[in-house]
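Below is one structure, written out as C-alpha cells; the observations come after it.
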Amino acid sequence: MERLATTVFVTLALLATVASGCNVYEGLYEEGKSENAEVLLEDARIALQQDRPQEAVEHLRKALVHTQDNNPLLRKQIQIKLASAVLRAQSINVLSLKRIAENLNGDATGNRAFGKSQGLACLFPAYHEQTPFDPTEGIDIDHLGNPDSEAALAESRDLVANVFTGTYIFPCSDEGLDQAISSVQQQGLSNGEIAEALVDYSVALSTTAYLDIVGVGGGNASFFRVTSPAGEDYFSVCFPSAQICNDTVAESRAHLSGLNCSTRALQKRAVLLNSTNAQELADLARDGYQKAATGLENPCYER
C-alpha cells in the first residue's frame, strides 16, 4: 500500500511539472541541436567565448535557416555574429588589421638608403630617399591567401554588407555609412553590434586589399618606404621594367579603394564606441591608407 502511494505521488508530481510548462529534459539539451534561432545564437556566443569558432559557425548557419522572415532584427544579429565567427575560424582578426596598418605606416627614416631601386621602374622619383622592406613582415600571407581564408574574407564582407543594405554592396562614403548606421539603429541593433559589424568588414576588406597590393605585378614588385625632400613619408612600389609598371599601375591603384572604405568604417566604429583604443586603431589605419595612396598614385619613373 505504501509503495502504491509513493508511485501515485511521483506520477502526480510529473504531471504537475508538465502542466506548468517546464521541460523535465531541459538538463539534457545538447548545444546546437535546437531549431530555435535565438537559442542557436546563444549557443554560438558560448562557443565563441570558449574559443570554438568553427562550432559557432555551424550553430549560426543553422540559426539563419530557422530565422523567421518576420524577424529581420534577429537575422541581422545572427549575420553579424557569423561574420565574426568565420573570420575567427581562420584566425583572422583585428590584430591582422593592425599589423597591416603598421606595415603601411612603417618608419621610412630608420635606415635611409639611396640607389636600392636602380634598374627598376618605380612609383616614386629616384631622388626621394628610399628604404626597401618586406610588406609581409609579421603577416602570414600564405595563410591569409589560402582558399579557406579567402572564402571567409568574402563571406564576412557579404554578411556585413547585407546587414547594412540588404545587398552585397557596402556603403563606403561617409554619408552612406551615416545613413546605413542610422537605419540599423532604428531597426534595433545596438551600437556594440553595429561596431562589431564595422570592424569585421574593415578586417575583411583591408586584408583582401593588402593581399592584392602585396601580390601586384604577379609577385614581381619590390616595396619601399620613401621620404620626399619635403619630409613626407609614404609607401611605394617598384617593378622590374617600365612595361610591367605601366601595365600594373592601374591595378595597384584599384586596391586603394578597399583601404579607403575600411578606414572610414573604422572611424565610424570609434565614434559609436566612444573609445580611445578604437580611435587610435582607426587613425593608424587611416594614416596607412594615406601613405599608400601617396605612393601608389604616382606615375612610373624609369631608373
Query raised in the report: Taking only pairs six or more apart or across chains, which ones have beta-carbon atoms under 8 Å, a first residue in the range 65-90 that is over 23 Å from Ser202 (Cβ atoms), and a second residue that is at pLDDT 95 or above and acidic (Asp, Glu)?
Result: Leu74/Glu38
Query raised in the report: What number of residues in the range 42-78 are assigned to a helix (DSSP H, G or I), within 20 Å of Asp148 (Cβ to Cβ) and under 20 Å from the mean Cα position of the chain (by Cα)?
Result: 11
Query raised in the report: So how many residues does the range 82-101 have that are in a helix (DSSP H, G or I), β-branched (Val, Ile, Thr) and within 25 Å of Asp287 (Cα to Cα)?
Result: 2
Query raised in the report: Counting residues that are free of Cβ contacts under 8 Å to residues at least 24 places away in the same chain, which helices (runs of 4 or more DSSP H) fully inside the range 114-222 reach at least 2?
Result: 147-165, 174-186
Query raised in the report: Name the residues in the range 214-248 that are under 24 Å from Thr263 (Cβ atoms), of a type in the set (Val, Ile, Thr) and either surrounded by fewer than 24 Cβ atoms within 10 Å (Cβ to Cβ) or at pLDDT below 90 (or both), would you?
Result: Val214, Val216, Thr227, Thr248
**Report entry** Those residues of the range 257-266 which are buried (at least 19 other Cβ atoms within 10 Å of the Cβ) and small (Gly, Ala, Ser), in sequence order
**Finding:** Gly258, Ser262, Ala265
Query raised in the report: Which one of Val249, Val226 is closer than 30 Å to Tyr127 by Cβ and not in a helix (DSSP H, G or I)?
Result: Val226
Report summary line: Note: among Ala285, Ala254, just one is within 30 Å of Ile194 (Cα to Cα), surrounded by 15 or more Cβ atoms within 10 Å (Cβ to Cβ) and within 21 Å of the chain's Cα centre (by Cα), namely Ala285
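From Ser156, Ser173, Ser183, which residue is closer than 27 Å to Ile100 by Cα and surrounded by 13 or more Cβ atoms within 10 Å (Cβ to Cβ)?
Details: Ser173 fails: surrounded by 13 or more Cβ atoms within 10 Å (Cβ to Cβ); Ser183 fails: closer than 27 Å to Ile100 by Cα.
Going through Ser156, Ser173, Ser183 in turn, the sole match is Ser156.
The values are calculated or read from the model by the stated rules, or taken from the named source; none is laboratory data. Quick caveat, the model's predicted, so the values are computed rather than measured. Note: ideal-geometry Cβ built from the backbone for every residue, glycine included; neighbour counts use all protein chains shown.
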